[in-house]
Amino acid sequence: MSGKPWGGRFGSATDRRVEEFTESISFDRRLYAHDVRGSIAHAEMLAAVGLISSDECGQIIVALKDIEAEIDSGAFEFSIDKEDVHMHIESALIERLGDVGRKLHTGRSRNDQVATDLKLWTRDAIDAVVAKVMALQRAFVGLAERHRDLVLPGYTHMQRAQPVLAAHYALAYVEKLERDRSRLADCRRRLNVSPLGAAALAGTTLPIDRDLTAKALGFDGVASNSLDISSDRDFVLETVFALTLIAEHLGGWAEEWVLWSTQEFGILALPDAVCTGSSIMPQKKNPDVCELIRGKTARVIGSLTGLLVLVKGLPLAYNRDLQEDKSPLFDAVDTVSACLDLAVVVVSGAS
Ligand code: ARG
């Protein structure tokens with residue numbers, strides 16, 4: 001009656017308000033490419049162990065790629081009666097292939113998919129953020145090179161303390177960013193074990209090959225305990241903590257440059273392209289980008305705090321609360337990525 005894949009025991013349809021309240025498709029659609037990647041690896045494994053035929057596997061892969069292309073193009077239709085990205089892709093597959101499409105879910109649960117997709121997404125996000133951190137490190141090295149002989153006041157307690165070279169100052173941020181980079185690499189290493197095969201919470205009796213899917217998805221190994229891994233979100237928290245520290249580093253730097261670019265300090269000029277002005281006070285050049293980099297630190301701290309509270313007191317194993325992990329993760333990644341990009345523009349253009 002409910003029309004849901006799990007609807008067998010239900011006598012009536014889900015209340016529309018419940019669908020609206022419980023959907024995650026509005027935000028987890030961002031995982032679609034990773035969901036397809038995980039499903040292709042799973043299908044290939046099912047064929048390798050003989051749970052589906054290689055012809056069925058071929059059909060599933062072609063259809064999955066077709067669905068991915070449809071989502072890429074914007075033509076794919078999302079609707080909240082199919083709760084999440086996993087159900088959307090599965091039902092599109094069944095629409096195309098009928099019973100062959102249904103076979104993809106053999107030996108697998110949505111909890112597997114959530115954990116696997118989120119790990120794959122987070123791993124890519126870490127790689128992208130690391131590249132941005134390195135770009136900012138290069139910008140600070142460039143600043144050091146451009147102002148090799150410039151002497152700046154070094155401060156403690158915001159009181160003039162001792163003279164320092166501009167290069168000494170710029171390279172201090174290279175070091176902070178280097179620790180940020182290594183923290184992200186560390187998260188990535190710990191994250192990189194495959195949850196696939198944990199199924200709902202206790203694995204499956206079907207003869208699946210977990211090493212095969214792990215290898216196909218670039219994981220370094222398989223998780224040892226299904227109860228743990230199907231509910232583990234440590235990697236989300238660790239990643240967002242590493243991002244929070246980047247935001248803190250950027251916030252401190254941005255505050256410094258807000259001060260240094262004032263008429264009172266006059267140590268540096270921010271590039272015009274990152275400032276705004278005022279029509280009635282033409283002497284002003286407002287450091288909006290630096291102020292917002294400083295301000296956006298709050299959002300990232302908010303994401304971290306939200307996640308810490310979200311997982312507090314959660315019993316084993318999967319609980320629906322965990323659906324709420326995605327928005328803060330996505331927001332922290334987006335916010336820190338944008339701050340890093342803009343910081344490169346500011347640092348490269350400062351004089
Ligand atoms: N949309 C859910 C999420 O993102 C899927 C959970 C599936 N598992 C379940 N037991 N309902 O977490």
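No value in this document is a laboratory result; all are computed from the given coordinates. Everything quoted here is computed from the prediction, not taken from an experiment. Reconstructed Cβ throughout: ideal geometry from the backbone, glycine too, with neighbour counts over all protein chains shown.
Some notes on this structure:
- Listed by Cβ neighbour count within 10 Å, with the fewest neighbours leading, MET45, MET87, MET134 appear as MET134, MET87, MET45.
- Förster radius 56 Å - calculated FRET efficiency between THR156 and VAL62, Cβ distance, rounded to 0.05: 0.30
- Near-label residues of the stretch 25-43 by backbone N, under 16 Å of a point 7 Å along Cα→Cβ of ILE80: 25-29
- Near ASN286, the amide H atoms lying under 5 Å from its own belong to THR276, GLY277; only residues 5 or more places off or on other chains count, and H is placed 1.01 Å from N.
- The H on the amide N of LEU165, modeled in the peptide plane, is under 5 Å from the matching H of LEU152, each at least 5 residues off or on a different chain.
- Here r is the Cβ-Cβ distance between LEU259 and SER182 and R0 is 41 Å; the resulting FRET efficiency, rounded to 0.05, is 0.90.
- Annotation: extensible slack from ALA338 through LYS284 equals 16.9 nm (criterion: 0.36 nm per residue apart, minus Cα-Cα distance).
- Distance between modelled label sites at ASN319 and ALA269, nm, 7 Å Cα→Cβ extension: 5.8
- Note on ASP124/GLU145: beta-carbon distance plugged into 1/(1 + (r/R0)^6) with R0 of 22 Å gives a FRET efficiency of 0.10.
- The stretch 246-270 and the stretch 68-119 have their alpha-carbon centroids 47 Å apart.
- The simple spin-label model puts a point 7 Å past each Cα toward its Cβ; for ARG138 and ASP220 those points are separated by 2.7 nm.
- Counting every other Cβ atom within 10 Å of each residue's Cβ, HIS249, HIS157 order from fewest to most as HIS157, HIS249.
- Span-rule helices in the chain, defined as complete DSSP H runs reaching 27 Å or more along the axis (Cα) with Kyte mean at least 1.0: 288-311, 326-349
- Alpha-carbon centroids, the stretch 285-351 and the stretch 20-38: separation in whole Å: 20
- The chain: most fluctuating residue of ASP99, ASP186, ASP331 per GNM, C-alpha cutoff 10 Å: ASP99
- The chain: relative contact order as a whole-number percent, Cα under 8 Å and 6+ apart: 17
- Our estimate of slack between GLU291 and ALA172, defined as 0.36 nm per intervening residue step minus the Cα-Cα distance, is 40.8 nm.
- Percentage relative contact order, the stretch 234-351, counting C-alpha pairs under 8 Å, at least six apart: 37
- In this simple spin-label approximation, GLU70 and THR14 carry label points 7 Å from Cα along the Cα→Cβ vector, and these lie 2.0 nm apart.
- Fluctuation leader among ASP55, ASP228, ASP112 - the chain, Gaussian network, Cα springs under 10 angstrom: ASP55
- Each Lys or Arg adds one and each Asp or Glu subtracts one; over the other residues with Cβ under 11 Å from the Cβ of VAL311, this totals -3.
- Sorted fewest first by neighbouring Cβ atoms within 10 angstrom, LEU259, LEU237 come out as LEU259, LEU237.
- Mean separation of Cα contacts under 8 Å, 6 or more apart, over the residue count of the stretch 129-233: relative contact order %: 21
- Rounded to the nearest 20 debye, the dipole magnitude of the stretch 259-351 is 140 debye, with +1 charges on Lys and Arg beta carbons, -1 on Asp and Glu beta carbons, and the Cα centre as origin.
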